[in-house]
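Asker: Below are the structure tokens for one structure; questions will follow.
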Amino acid sequence: MLDATSTILVIDDDVDLRNSLGRLLRSVGLNARLFASVSDFLKKCEPTEGPRCLVLDVRLPGQSGLEFQRELAAAGKELPIIFITGHGDIPMSVQAMKSGAIEFLTKPIRDQELLDAIQCGLTRDRVQYVAG
């Protein structure tokens, strides 16, 4: 069910990981938009057509991924989020999941685990996109 009308937004400050995720997503036919920080995302991200999913690093320069999740929720913007981190802990993952995250994955990330989580996020957003 992964399709080219879907867009995966990736925010991670590690350029090598970000580019690797972009290659993985494109290899399975997904549109990937890559950003180094939340501020980079807010400056450069343009609206997309079709379902979306956000792959978001927890620790970022400036605004953290968890802070951005709270900001999106406060603004009423429902966007499926998959958190990725190299520095996560149980309280952090519980907080993210209670706030609606699809998944909380630790680095190094297994490709199939990420793709499965993205599928779940896109399915959720597709329902909202069709209904909206």
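Asker: What do you reckon, is residue 15 exposed (fewer than 14 other Cβ atoms within 10 Å of the Cβ) and either of a type in the set (Gly, Ala, Ser) or at pLDDT 95 or above (or both)?
Answerer: yes
Asker: Test of understanding: among 66, 24, 56, 34, which residue is hydrophobic (A, V, I, L, M, F, W, C), under 19 Å from residue 111 (Cβ atoms) and free of Cβ contacts under 8 Å to residues at least 40 places away in the same chain?
Answerer: On inspection, the qualifying residue turns out to be 34.
Asker: Sort out which residues of the stretch 33-66 are crowded, with 20+ Cβ neighbours inside 10 Å and small (Gly, Ala, Ser), and write them in order of number.
Answerer: Across the stretch 33-66, the qualifying residue is only 65.
The values are calculated or read from the model by the stated rules, or taken from the named source; none is laboratory data. Keep in mind it's a predicted model, so treat the numbers as computed, not measured. For neighbour counting, all protein chains shown are included, and Cβ atoms are generated from backbone atoms with ideal geometry for every residue, glycine included.
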